[in-house]
Amino acid sequence: MSKINKTHLSLVLIIVLSIFLRFYKLDTIPMGFHQDEVSQAYNAFAISTTGHDRYGEYFPILFRAFGSYQPPIYTYLTIIPILLLGNTVFAARFLSAFSGVIVVILTYLIVIELTERKHKHTLGLIAALVVTISPWAIQFSRRVVESNLGLATFLGAFYLIIHSLKSPRFFPVALFVMGIATQAYYSERILSILFIPLFLLFFWRRYLQNKSYILLGLFLFGLTQIPHLLILSTGAYARRFAQVSYFNNEPGDLPRIVYLTLEFTKHFLSYISPSNLFADTGSELGRVSPDLGVFYSWLFIPFLIGLVCLFKHTNNLFFKIIVLLAPLSLVSASLTGDLFYPLRILEFLWIVSIIIALGIYIIFQSIRSRLVSFSIFGGLIVYSIIAFYISHAVLFKHETNEFFGKSYIDLNTHLKRFNDKKIVIDSQRDFGIGLRIAYLRAYNADKLAAILRPQLKNYYSADVAMQEIYRFDNIITRPFIWEIDSCSKNTVMVGDDLAISEKQSKDNNLTLLFEVKDTNNKAIIRGYHTNPGSGCQQIF
Amino acid sequence: MLHSKYNLVAISLITLINLFLYGTFQSNLLFGILLFVTSILLYLNYTKNNFYANLFFFILLGALILISLKNGFDNNLFRLNALESDRLASRHEYFANEFGRVYKNKIGIGYANSFRPILIKFNTNLFSHLDFNLFFDVKNIISLFFIPFFILGIYNLSKKISKTLVFYLISIFTTGGFLSTGIYGYLLYVPFINLVILLGLSQAFKESKNYPLFAKVKQYVKN
C-alpha cells in the first residue's frame, strides 16, 4: 500500500473514531438537557416554524436567553437537524458533535499546511488523533456548545488564512469566514479582531502585491459585523461581557487600571498553568467530567517535549503562527471572572493539542521499534478512552445529572397523565423547566411568544431577567405562591425537596401523586395534589 | 548562557527575592537556606557542569526532598476521609450498575475502591504545585516584573537542557505526588523558576545590547 493510501486510510479511521466518540448515545450522555441547550433548541424550532424566536422576535441578531443573549449561528443552523429529526435532545446537540468532527478534519489540514513535506502527514494524523481523544474536545462536542461551532468556524478561517500565504486570493474568503465565527461565539469576537491586524503585521510582505485582496477581505469582515453594530447601543451586545467580567468589581484600594491589569494577569496565568490543563478542575458547567482534566495527565510529557521542539524552530512558520495565536486565544477568557473556564479557550486548548502532537511525534521518531511505539501509544489511547468513558458516561451522568435537568425530562411523561388538572411547577432553581417541556411537546411558538413577550420591556437590553413565567396548555412554571397554589382546586403542585418539604406537604394537606427519581433511584421531584381546606379562599 | 560573576550575583538576588516573597524563611529557615544554595548550584551546574557543584546539588536536592516529605507529606493519600468514603460507596453502586460483572469481581472492585482513589489523589497532588499563580503573586510588583523574563527564559532554556536539569525536574515532580497542597510542593520548583528567570533576564540584556528591541522585532517579522 502506498504511503498516501496508508495516510488516507489512517485519516478515515481517525475520523470514524471521532464520529463514534462524539455521536455515540449523544442524547443520553450527558443525561438531561441544560437550560442553555434547550434555549438554543426551542429557538431553532420556533424559527423553523414561525420565523421568530420564543419571544416573537423575527430573525434576531442575538437570541435572548435566561439573563443574557446567545450568539445566533448555532441556533440558525440547528434548524436543519430539528426539521430532519424532530424536537429531540439528539437534534439539538447534533451541530456541536458535527463541529467536533470538523475540528478533527481541520486539524489535519492545518497541520499539513504548516509543516514541511517530510513530516507533514504523520504529524497531521497524530494531531488529528490527539484532538479526537482529548477530553475537552469530546466533552464540548457532546453538549449544545456554541463555542465548539465557534472553534470549527474559526479554524476553517484559520486554514484559509494560512493557505492565503501561498494563494492570496483565499484571503477575502478567510476573513469572511472569520467574521462568521464572531457570530458563533463571544470569544471569537475578541480573538478575530485581535488576530487579523497582528497577522497582517507579521506577514504583510506576502500580501504586498495583493493589496486588493486585503481590502476586499477587510470589507467582507466588516460586512459580517453590521449585525453587531445595529445593536451596539442597546446594551445587548455587551450584556454577556457585563455578566461574566470583573470590570464592574470594586477595585478596593488599587487604582482601577492596576486592579484590571492584576486580574487579567492572574487569570492569564491560571489558563496556562499545568495544574489546570492536566488535572481535575471540577465538573461544573463549562468544565470537564469528574476526575479528569481538559487533557489526560500523561499528555503532559509530550506537551513539554513538543514545547521544547517548538522553541528550537523559531524561524518556522509553525512557530510564528502558534506564538501569534496562543496568547490571543486567552485574552477573552482572561477578561472574565472565572479562574478557569475551558469553554472559553477552545482555540488555546487546540493549540496545546498541536504541541502535544509534536511531542508525541518526536517520541515516536526516537523509538526505533515501530511495534514498541505503536504498542505504547495504542495502550495509552485505549486507557484514555476507557478513563474518559468512566468519567463522562458513568460518573458525570450520576453525579451531575440534576444540574442538567434530567428529571424534568422524565417529568414531562408523568404530566401527560394529568391533562385535566392545573399543574404548577416550581422554577425557583431551574429557569428552563417550562421551556424544556415546551420544546419536547413542540409547543406552538406563536402561543409561547404571546405569553413571554409581554414579560419584556425591550428585546435588546442590558437588563435581562432570568426568571420568566411559562404558561401553556394546563401547565404553569414559576416560583410557588403558596397562599394561592395550595388553595387552588384540582391542582397538582410539582417541585423538588426545597420547593415542597415534607412538613409543608403535611401542613398544606397535600396528597403525593408521583415521584420522579434520578439515576440513583433517589426521588428528586414530587407531584402533590392540593386539597384546599375551609381556610382557603376559593380561587378555582 | 555562560557563567559570569554578574550572573552569579543575579541568580543570588533573584533567589533571595523570591524566597522572601514566598515567605520561605519565615516558614522554615533551614529549608529556605537549602533552597537558596540549591538554586546557586543548579545555576552552576547549568553553566559550568562542575563535578563538585553537581555532587553538592544532588546531596542538597535529596535533603530538600526528605524535608518536604517529612513536613508536607499528604497523610490523606492512602486514607479516605468521611466525604471521600461516602462518594466511593456511591460510586461503587454506579460502577456495579453500569459495568455488571466486568466490575463486580476482585480486580474490578480492587481497582475502583483501592487503586483508583490513590491514583487520582496522587495525580491531583502532582499537578497542584504547577500553578503559576503560586510562583508569581500578581499583587507584588517584583513578581509581575519577573513574568515576562520567565517566559523569555523558557524559550532560552530550550536551547540547552542538561541531564541534571531533567533529573531534578523528574525528581521533584514525582515527589510532588506525595505532598499535599502546602508550600513544600511548589517550593521545590523554586531553583528551576529562578534559573529560568535568570535565563530570560540574560537573554533580554543580550538582545538589548546587540539590537534595540524594536529593530529586533522588525527583523524577525521581516524574516
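The values are calculated or read from the model by the stated rules, or taken from the named source; none is laboratory data. All of these numbers come straight from a predicted model, not from anything done at the bench. Using ideal geometry, Cβ is built from the backbone for each residue, glycine included, and neighbour counts are taken over all protein chains shown.
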**Report entry** Enumeration of residues in segment A:192-212 that are within 19 Å of residue A:179 (Cβ to Cβ) and more than 14 Å from every other protein chain (Cβ to nearest Cβ)
**Finding:** A:192, A:193, A:194, A:195, A:196, A:212
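Counting only residues that are of a type in the set (S, T, N, Q) and not in a helix (DSSP H, G or I), which one in segment A:295-327 is farthest from the other protein chains (Cβ to nearest Cβ)?
Going residue by residue through segment A:295-327, those that are of a type in the set (S, T, N, Q) are A:297, A:314-316.
Going one step further and asking which of them are not in a helix (DSSP H, G or I), we end up with A:314-316.
On the way: A:314: 8, A:315: 6, A:316: 11 Å.
Top of the filtered list is A:316.
If you take the residues of segment B:56-97 that are within 14 Å of chain A (Cβ to nearest Cβ) and polar (S, T, N, Q), which of them is nearest to residue B:126 (Cα to Cα)? Talk me through it step by step, then tell me what you get.
Step one: of segment B:56-97, the residues within 14 Å of chain A (Cβ to nearest Cβ) are B:83-84, B:86-97.
From what's left, polar (S, T, N, Q): B:90, B:97.
Values: B:90: 26, B:97: 32 Å.
Per the stated criteria, the residue is B:90.
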**Report entry** Conditions (1) surrounded by fewer than 18 Cβ atoms within 10 Å (Cβ to Cβ); (2) part of a helix (DSSP H, G or I); (3) within 10 Å of chain A (Cβ to nearest Cβ); number of the one not met by residue B:118
**Finding:** (3)
Query raised in the report: Of everything in segment A:246-271 that's under 29 Å from the mean Cα position of the chain (by Cα) and more than 11 Å from every other protein chain (Cβ to nearest Cβ), which residue is farthest from residue B:124 (Cα to Cα)?
Result: A:248
Query raised in the report: Do we have residue B:161 as surrounded by fewer than 18 Cβ atoms within 10 Å (Cβ to Cβ), of a type in the set (A, V, I, L, M) and either farther than 24 Å from residue A:299 by Cβ or touching a residue at least 12 places away in the same chain (Cβ under 8 Å) (or both) here?
Result: no
Query - Residue in segment B:98-110 that is nearest to the other protein chains (Cβ to nearest Cβ), counting only those that are assigned to a helix (DSSP H, G or I) and basic (Lys, Arg) - result: B:101
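Within segment B:151-165, how many residues turn out to be part of a helix (DSSP H, G or I), more than 10 Å from chain A (Cβ to nearest Cβ) and not polar (S, T, N, Q)?
Step one: list which residues in segment B:151-165 are part of a helix (DSSP H, G or I), which gives B:151-157, B:163-165.
The next check asks that each one be more than 10 Å from chain A (Cβ to nearest Cβ); those that pass are B:152-153, B:163-165.
Next, from what is left, pick out any that are not polar (S, T, N, Q): B:152-153, B:163, B:165.
Counting residues in segment B:151-165 that are part of a helix (DSSP H, G or I), more than 10 Å from chain A (Cβ to nearest Cβ) and not polar (S, T, N, Q) gives 4.
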Query raised in the report: Condition test on residue A:274, is it buried (at least 16 other Cβ atoms within 10 Å of the Cβ) and within 7 Å of chain B (Cβ to nearest Cβ)?
Result: yes
Requested in this report: Could you check residue A:232 against (1) away from chain B (no Cβ under 14 Å); (2) at pLDDT 90 or above; (3) within 25 Å of the chain's Cα centre (by Cα) and say which number it fails?
Outcome: (2)
Report task. State whether the residues of segment A:139-147 include one that is crowded, with 23+ Cβ neighbours inside 10 Å, in contact (Cβ under 8 Å) with a residue 12 or more places away in the chain, hydroxyl-bearing (Ser, Thr, Tyr) and farther than 17 Å from residue A:17 by Cα. Result -> yes
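Name the residue, out of B:134, B:130, that is in a loop (DSSP other than H, G, I, E, B), within 14 Å of the chain's Cα centre (by Cα) and facing another protein chain (nearest Cβ under 9 Å). Steps first, please.
Values: B:134 fails: in a loop (DSSP other than H, G, I, E, B).
Answer to the selection: B:130.
Being surrounded by fewer than 17 Cβ atoms within 10 Å (Cβ to Cβ) and among the polar types (S, T, N, Q) is true for just one of A:391, A:332, A:375. Which residue is that? Reasoning before the result, please.
Working: A:391 fails: surrounded by fewer than 17 Cβ atoms within 10 Å (Cβ to Cβ); A:332 fails: surrounded by fewer than 17 Cβ atoms within 10 Å (Cβ to Cβ).
Just a single option satisfies the conditions, and that option is A:375.
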Query raised in the report: Applying the selection to segment A:229-242, what residues are within 12 Å of residue A:61 (Cα to Cα) and surrounded by fewer than 16 Cβ atoms within 10 Å (Cβ to Cβ)?
Result: A:229, A:230, A:232
Query - From the options A:334, A:353, A:329, residue that is of a type in the set (S, T, N, Q), closer than 14 Å to residue A:111 by Cα, at pLDDT 90 or above and in contact with a helix residue (DSSP H, G or I) (Cβ under 6 Å, 6 or more places away or on another chain) - result: A:353
Query raised in the report: Is it the case that segment A:292-313 has a residue that's crowded, with 19+ Cβ neighbours inside 10 Å, under 24 Å from residue A:150 (Cα atoms) and of a type in the set (Ser, Thr, Tyr)?
Result: yes
**Report entry** Filter result (within 10 Å of the chain's Cα centre (by Cα), of a type in the set (A, V, I, L, M, F, W, C) and surrounded by 14 or more Cβ atoms within 10 Å (Cβ to Cβ)) within segment B:164-177
**Finding:** B:169, B:172, B:173
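Which fully enclosed helices (runs of 4 or more DSSP H) of segment A:169-266 have 3 or more residues being touching a residue at least 60 places away in the same chain (Cβ under 8 Å)?
On the way: elements: A:171-181, A:186-203, A:211-224, A:226-230, A:239-244.
By residue number, A:186-203, A:226-230, A:239-244.
Tell me, yes or no, whether segment B:134-143 has at least one residue that is small (Gly, Ala, Ser), surrounded by 17 or more Cβ atoms within 10 Å (Cβ to Cβ) and at pLDDT below 90.
Yes, segment B:134-143 contains a residue that is small (Gly, Ala, Ser), surrounded by 17 or more Cβ atoms within 10 Å (Cβ to Cβ) and at pLDDT below 90.
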Report summary line: Within segment B:51-75, the residues that are surrounded by 12 or more Cβ atoms within 10 Å (Cβ to Cβ), outside any helix (DSSP H, G or I) and not acidic (Asp, Glu) are B:73
Report task. Check segment B:25-42 and report whether any residue there is of a type outside the set (A, V, I, L, M), in contact with a Gly (Cβ under 8 Å, 6 or more places away or on another chain) and modelled with pLDDT under 90. Result -> yes
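Anything in segment B:166-186 that is within 13 Å of chain A (Cβ to nearest Cβ), in contact with a His (Cβ under 8 Å, 6 or more places away or on another chain) and not in a loop (DSSP other than H, G, I, E, B)? List them, or say none.
Applying the first criterion (within 13 Å of chain A (Cβ to nearest Cβ)) to segment B:166-186 yields B:166, B:169-170, B:173-174, B:176-177, B:181, B:185-186.
The next check asks that each one be in contact with a His (Cβ under 8 Å, 6 or more places away or on another chain); those that pass are B:176, B:181, B:185-186.
Result: B:176, B:185, B:186.
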Report summary line: Within segment A:335-362, the residues that are buried (at least 17 other Cβ atoms within 10 Å of the Cβ), assigned to a helix (DSSP H, G or I) and of a type in the set (A, V, I, L, M) are A:343, A:346, A:349, A:351, A:352, A:354, A:355, A:356, A:357, A:358, A:360
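Could you pull out the residue among B:115, B:173 that is of a type outside the set (Lys, Arg), without any contact (Cβ under 8 Å) to a residue 12 or more places away in the chain and under 30 Å from residue B:76 (Cβ atoms)?
B:115
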Report task. Give me the pairs, please: first residue somewhere in segment A:421-434 and under 16 Å from residue A:42 (Cβ atoms), second residue anywhere and part of a strand (DSSP E or B) and modelled with pLDDT under 90, beta-carbon distance under 8 Å, and either six or more positions apart or on two chains. Result -> A:434/A:472
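Check every one of the helices (runs of 4 or more DSSP H) wholly within segment A:56-161 and list those with 1 or more residues that are among the small types (Gly, Ala, Ser).
Details: elements: A:73-85, A:89-114, A:120-133, A:135-139.
Here the list reads A:89-114, A:120-133, A:135-139.
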